[in-house]
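Inspection log for the structure reproduced underneath, given as structure tokens.
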Amino acid sequence: MTKARIQSLFAVICAVSLFAGSVWYFVEKFQWRAALDHLQGTELIRLFVLVVLIQLAYLGVRAWRWWIVVRQSNPAVGFIELYWITAVTVSLSILTPGQLGETLKIELLKRRGMLDYLQGLGTFMPERILDLMIVAGIGLIGLFFMGYGTVYPHLNMLVIFLLAMGGLAFFLLLRMKNKTGWLARIRSASGRPRNWIAMGVLTFFSWGLVALGWQVCLRAIGIPVSFFGTLWLVSLVTLGTILSCIPGGFGVADIIAIEWLAGMGESLVASQAAALILRFYSLVVILVGLLHLPGLALRKSVKVST
């Protein structure tokens with residue numbers, strides 16, 4: 001058995017074990033009736049509208065971030081074209097392990113004649129690196145400046161490692177500047193450092209919108225968590241979801257949210273109700289993505305020459 005297969009098998013075993021443990025928790029420990037009772041009286045229609053509006057703003061910011069780097073390789077590509085692709089791939093990517101479903105937009109770029117595969121990969125790389133660095137950076141701020149380091153001391157080295165990996169990835173991109181062949185095509189499409197700075201600002205803003213959506217959901221059920229506290233929770237859950245390799249972080253993300261809220265003084269029932277309302281948020285996000293599918297399909301004939 002090759003090393004790659006051993007690593008893949010290990011990842012699968014870990015993911016299955018975590019999922020099995022999560023199922024056991026929800027069967028044996030989750031107080032379903034009490035949690036559902038806690039949700040009674042929640043204005044779900046109003047909450048639905050607010051989450052949809054926040055998600056649309058989020059998709060606009062993510063499309064804008066992508067547009068910054070795509071137009072470096074093909075200035076003819078319009079924002080609207082990238083918005084429709086982003087709306088579907090980003091919204092539905094939460095159903096995939098590590099949100100890797102977002103890589104589908106590379107294929108869509110190629111099929112629509114906007115960029116070739118290597119150029120599409122080049123535009124995607126700084127996006128994913130920035131996501132990793134921003135999420136880890138938020139985690140680092142929470143650990144060292146918001147007092148969470150004493151509660152989660154084992155996370156200190158992890159977030160520092162992730163930040164270092166992000167910095168190394170950008171350094172390697174810069175080192176690819178003088179390369180030739182396929183490496184040159186990837187590097188030329190990845191943008192310049194000034195593009196990365198603008199993309200970094202939009203990346204932070206986009207994660208702030210996610211935190212806002214979560215905060216709206218939590219406050220709707222009577223949990224008065226602060227914005228920065230919610231931002232930290234988003235970082236914690238996102239890191240856990242990525243490391244678990246479970247699609248959507250099902251189970252793992254919920255338990256992380258429950259344990260954090262309970263540790264912050266919320267009752268166990270309220271914390272479990274919060275996990276349910278955050279799943280409501282995820283369902284709305286998926287629905288928004290599905291509603292964009294017809295619009296994306298109608299634009300199949302739109303092609304932009306490179």
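The values are calculated or read from the model by the stated rules, or taken from the named source; none is laboratory data. Note that the coordinates shown come from a computational prediction; the quantities given were computed from them, not determined experimentally. Neighbour counts run over all protein chains shown; Cβ positions are idealised from the backbone, glycine included. With ligands, DNA and RNA removed, areas are computed over all heavy atoms of the protein, side chains included. Shrake-Rupley method; radii C 1.70, N 1.55, O 1.52, S 1.80 Å.
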Taking 121-130, 56-65 and ranking on average Cβ neighbours within 10 Å, highest first, one gets 121-130, 56-65
Just how many % of Cα pairs in region 203-290 lie over 19 Å apart, if you round to the nearest whole percent? 33 percent
From the phi angles alone, apply the Karplus equation (6.51, -1.76, 1.60; θ = phi - 60°) to region 69-80 and give each ³J(HN,Hα) in whole Hz, x where the residue is Gly or Pro. 8, 5, 5, 5, 8, 9, x, 6, 5, x, 4, 4
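Taking the Cα centre as origin and putting +1 on Lys and Arg beta-carbons and -1 on Asp and Glu beta-carbons, what dipole magnitude results for region 53-175, to the nearest 20 debye? Don't skip to the end; give the middle numbers.
On the way: 9 positive and 6 negative charges, 39 e Å.
With only Lys, Arg, Asp and Glu charged at Cβ, the dipole is about 180 debye.
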Karplus 3J(HN,Hα) series, Hz, for region 159-166 with 6.51 cos²θ - 1.76 cosθ + 1.60 (x for Gly, Pro): 5, 5, 4, 5, 5, 5, 5, x
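Multiply the residue gap between T103 and I45 by 0.36 nm, knock off their C-alpha separation, and tell me the result in nm, one decimal place.
Values: separation 58, 0.36 × 58 = 20.88 nm, distance 3.23 nm.
So the chain would gain 17.6 nm between T103 and I45.
Which value, in Å², gives the accessible area per residue of the chain when a 1.4 Å probe is used on the protein heavy atoms?
Numbers: 15150 Å² over 306 residues.
Normalised by residue count, the accessible surface of the chain is 50 Å².
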Rounded to the nearest 0.05, FRET efficiency between R128 and E28 (Cβ-Cβ, R0 41 Å) equals 0.65
State the answer as a single residue: which of L276, G248, L100 lies farthest towards the positive end of the charge dipole of the chain, with beta carbon charges of +1 for Lys and Arg and -1 for Asp and Glu, about the Cα centre. L100
Tell me, rounded to the nearest percent, the portion of alpha carbon pairs in region 252-301 spaced more than 12 Å apart. 67 percent
For region 72-151, what is the largest minus smallest coordinate of the Cα atoms on each principal axis, given in angstrom and ordered from greatest to least? 51, 28, 22
When the chain is modelled as a GNM with alpha-carbon springs shorter than 10 Å, which of A253, A76, A274 fluctuates the most? A76
Assuming R0 = 30 Å, can you tell me the calculated FRET efficiency for the pair R175 and F145, based on Cβ-Cβ distance, to the nearest 0.05? 0.40
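For the chain, what is the calculated [θ] at 222 nm in deg cm²/dmol (nearest 500), taking -39500 (n - 2.57) for each run of four or more DSSP H residues and dividing by its residue count? Please list the in-between numbers first.
Details: 13 runs with 231 residues, N = 306.
Rounded to the nearest 500, the figure is -25500 deg cm²/dmol.
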If all Cα-Cα distances of the chain are sorted into 20 Å bins from 0 onward, what percent lands in each bin, rounded to whole numbers? 31, 57, 12, 0
Phi angles of region 199-207, converted by Karplus (6.51 cos²θ - 1.76 cosθ + 1.60, θ = phi - 60°) into ³J(HN,Hα) in whole Hz with x for Gly and Pro, give 5, x, 4, 5, 4, 4, 4, 5, 5
If I model a spin label as a point 7 Å beyond the Cα along the Cα-Cβ vector, how far apart are those points for A164 and S188 in nm? 3.5 nm
